[in-house]
Amino acid sequence: MQTTRSADLFERAQRVIPGGVNSPVRAFQSVGGTPRFIQRASGPHLYDADGNQYVDLVCSWGPMLLGHAHPSVLAAVGKVAVDGTSFGAPTEAEVELAEEIIGRTPVEEVRLVSSGTEATMSVLRLARGITGRDKIVKFAGCYHGHVDALLVAAGSGAATLGLPGSPGVTAATTADTLVCEYNDREAVRRFFAEHGDQIACVITEAAAGNMGVVPPAVGDDGQNFNAFLRDICHANGALFVSDEVMTGFRVSRSGQFGLDGVRPDLMTFGKVMGGGFPAAAFGGRAELMQRLAPAGDVYQAGTLSGNPVAVAAGLTTLRLATDEVYAHVDATSAALQAEVTNALSAFGVPHVIQAAGNLFSVFFTPDESVTAVPNYATAKTQRTDRFAAFFHAMLDAGVYLPPSAYEGWFLSHTHDDAALTRIVEALPRAAAAASRA
Ligand code: PMP
């Protein structure tokens, strides 16, 4: 596969952009090699600057549920753009997008923002404003964007790079952030026993997807981790905040909430609801959201919030994300998971596949003794060298996986039999490469 143009662009990029990329995981740092510079995309395919075609299993890290360059989304974007691209004043379409989100989730009101980071940052301020408390609880390996207070034991790029936090995040900013392992009920109980009256909220990914996919575990009481968190928050006057930026409108029409039915007090959304444009949101019960300015006293704002082009893309995407779309993505995901397991097993590569609905990831576990990955501590025992070998063999065969062992694999409605066949044909060689690493 010829990649000279990507290599040239990467070299040029590194002279003007730190690390050559505008978001760390794109640099292929944890898998090595040259990141592909993408020129265009269509349906399930990416095309790089050298003209190579890939079946895309990243889908822009989630947003492209309908596939790339969906004709209806493009038409909607083109139609609104000619009428002006930003007004700094309210529009009817924003109301429609809010109504669509509310129709699919338990939130009663939403505020639109431009990124998932902004959504989680704002929701923390709101939770602290409402409760008058300072402390928050988050989980190791959960990533909520690069919000200072949440950049503590974060997953995603931060997990990949092994950064415990980041220089520039002050001790004061994170002093009120309590961190423990995901799915660790005892640790959460201890936090509440010690600081119960100071905890504003617990924030969790609705199903963790940034340390690989780690679903909320079901306990002996038959309740999952989210239900446990909701109950312990409510028993202590704290708010339960569910981050559905990744899972929202992807793992079901109602996100992880559609799978487990655990009702959070506040939620964050992003990715799919922006249809490939910068749009995100946070929402919750009306009386909580009414504390936001201008209805209430907790300040939050944005020049491009509710941007008409992003809203048109998001609204069109959600309206087209029918039950049929989710059924297709679910079935494709199940088929792909089975094929990956078959291939890795055939070459004796120890692995664990975990899923939250159609979002799944493959953990290259150190040996057969690891049969489940409940938290970040276990996720970190992965053989990233085996993943890197697997990744590059897939890439060489024209399959674009997330360039990190700590990420979910994303499918779209356009991943058809032909796309699946291409992935399946690439698997044996990749599994063999992993087995030799
Ligand atoms: N929360 C979760 C669960 C995420 O997965 C992400 C991004 N991957 C974010 C928040 C941050 O979103 P953004 O990158 O749009 O700031």
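The values are calculated or read from the model by the stated rules, or taken from the named source; none is laboratory data. Bear in mind the structure is a predicted one, so any value in this text is a computation, not a measurement. No Cβ is skipped: glycine too gets one built from the backbone with ideal geometry, and neighbour counts run over all protein chains shown. Protein only, heavy atoms only, side chains kept; ligands, DNA and RNA dropped before computing areas. Shrake-Rupley method; radii C 1.70, N 1.55, O 1.52, S 1.80 Å.
A compact table of results
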| quantity | calculated |
| --- | --- |
| Percent carbon-and-sulfur accessible area, segment 171-300, ignoring ligands, DNA and RNA, probe 1.4 Å | 51 percent |
| With every protein chain in place, segment 29-149: carbon and sulfur % of accessible area (1.4 Å) | 51 percent |
| Shape metrics for the chain, restricted to C-alpha atoms - Rg then Dmax, Å | 21.1, 61 |
| Among 424, 82, 298: highest mean-square fluctuation, GNM of the chain, C-alpha pairs under 10 Å | 82 |
| Calculated over segment 1-152: convex hull of Cα atoms, volume per residue (Å³) | 191 Å³ |
| Intensity falloff of segment 267-376 expressed as log10 I(q)/I(0), Debye formula with alpha-carbon point scatterers, at q = 0.11, 0.14, 0.16, 0.22 Å⁻¹ | -0.61, -0.81, -0.90, -1.15 |
| Straight-distance crosslink candidates among lysines, where the alpha carbon sits under 29 Å from residue 135 and sequence neighbours closer than 8 are dropped | 271, 380 |
| Descending principal axes extents, segment 193-327, alpha-carbon based, whole Å | 47, 41, 25 |
| Kirkwood hydrodynamic radius over Cα pairs of segment 349-427, then Stokes diffusion coefficient at 20 °C and 1.002 mPa s, in µm²/s | 159 µm²/s |
| Around residue 138: net Lys/Arg minus Asp/Glu count, Cβ-Cβ under 10 Å | -2 |
| Relative contact order computed over segment 161-243 (Cα-Cα under 8 Å; 6+ residues apart), in percent | 30 percent |
| Rg/Rh ratio calculated on Cα atoms of segment 321-375 (Kirkwood radius) | 1.06 |
| Relative contact order computed over the chain (Cα-Cα under 8 Å; 6+ residues apart), in percent | 22 percent |
| Where the chain is the region considered: accessible area per residue in Å², 1.4 Å probe | 39 Å² |
| Contact order normalised by residue count of segment 185-317, Cα under 8 Å, 6+ apart, percent | 18 percent |
| Cα convex hull of segment 110-242, projected area averaged across orientations, nm² | 8.2 nm² |
| Computed [θ] at 222 nm, helices only, for the chain once each DSSP H run of length n ≥ 4 contributes -39500 (n - 2.57) | -11500 deg cm²/dmol |
